[in-house]
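The block underneath contains the structure these notes are about, expressed in structure tokens.
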Amino acid sequence: LRFTDYKCPICERPIDNYADIDHYRPKNAGYPFLKCRYRNYMIMCADCNRGYKRTYFPLHNKSKRATCEEELEHEKPLIVNPCVDNIYDLFELDFRVSVKGVKILVLVPHRDLLPDSYEYLKALESIRFYGLGDCDGTNSIKDCRISLLKGHYFIFNELLEAFLDREENMQKFEKIKEKVKNLNYGYYEFIAKGQFSV
């Protein structure tokens, strides 16, 4: 919990207990040899774990699925693991208004990733699978977590506006920055690094 700042490492929803500990590589769907390996554990919110991930574990090359621990290094998973992946190399934030007029904060693949690269496909699949973006390209409400993304928008919109206006009012920006930083959201770093679009 301290490692994730008491937030789900996937969707950033606050969590305060160990109710859901995910097996990144599912123990009952191809990886029984990792059932009791703590490096395969990842704390998550119940929605991400039970509602979205379940036993889903896509690979870039299905024929490279590991059958023992020694083969894991040859796999290329298509969903992010924030415990080992650098999320700032994979994603950016996008402040947008959906087709239905809702202000939301979504993840998009990092602008420097090539569209056919493994990293781009991993970012895209993670966003799609966990419902953290592409809200106008989906038909099911489950495919886009609109209330979560709307909440994130309002948490960070004040910081975004202060960031864009910081040359004129640096004091206001520093005050808002400190307030948001103290909430321990990882999304703060995307804005601090300038990895966002509006």
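The values are calculated or read from the model by the stated rules, or taken from the named source; none is laboratory data. Since this is a predicted model, take the numbers as computed values, not measurements. Note: ideal-geometry Cβ built from the backbone for every residue, glycine included; neighbour counts use all protein chains shown. Surface areas here come from the heavy atoms of the whole protein model, side chains and all, with no ligands, DNA or RNA. Shrake-Rupley method; radii C 1.70, N 1.55, O 1.52, S 1.80 Å.
Tabulated results
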| read-out | value |
| --- | --- |
| Residue that is surrounded by the fewest Cβ atoms within 10 Å (Cβ to Cβ) [pool: residues in the range 50-59 that are in contact with a strand residue (DSSP E or B) (Cβ under 7 Å, 6 or more places away or on another chain) and not charged (D, E, K, R)] | 59 |
| Total residues in the range 97-131, condition open to solvent by 20 Å² or more (accessible area, probe 1.4 Å) and outside any loop (DSSP other than H, G, I, E, B) | 12 |
| Matching residues in the range 34-49 - criterion: being open to solvent by 20 Å² or more (accessible area, probe 1.4 Å) and farther than 26 Å from residue 71 by Cα | 46, 47 |
| Residue pairs meeting the criteria (Cβ under 6 Å; at least 6 apart or on separate chains; first within 14 Å of residue 6 (Cα to Cα), in the range 170-184; second assigned to a helix (DSSP H, G or I) and modelled with pLDDT of 70 or more) | 181/188 |
| Evaluation of residue 162 against (1) open to solvent by less than 80 Å² (accessible area, probe 1.4 Å); (2) within 16 Å of residue 11 (Cβ to Cβ) (one fails), failing number | (2) |
| Residue check, residue 63 of a type in the set (Ser, Thr, Tyr) and touching a strand residue (DSSP E or B) at 6+ places or on another chain (Cβ under 7 Å) | no |
| Output for the range 125-158, where each listed residue is at pLDDT 75 or above, more than 18 Å from residue 188 (Cα to Cα), of a type in the set (D, E, K, R) and in contact with a helix residue (DSSP H, G or I) (Cβ under 8 Å, 6 or more places away or on another chain) | 128, 134, 145 |
| Looking only at the range 17-33, and only at residues there that are open to solvent by 40 Å² or more (accessible area, probe 1.4 Å) and outside any loop (DSSP other than H, G, I, E, B), the one that is modelled with the lowest pLDDT | 21 |
| Pair list, Cβ under 7 Å, 6 or more apart: the range 1-15 residue free of Cβ contacts under 8 Å to residues at least 40 places away in the same chain, other residue open to solvent by 30 Å² or more (accessible area, probe 1.4 Å) | 14/6; 15/6 |
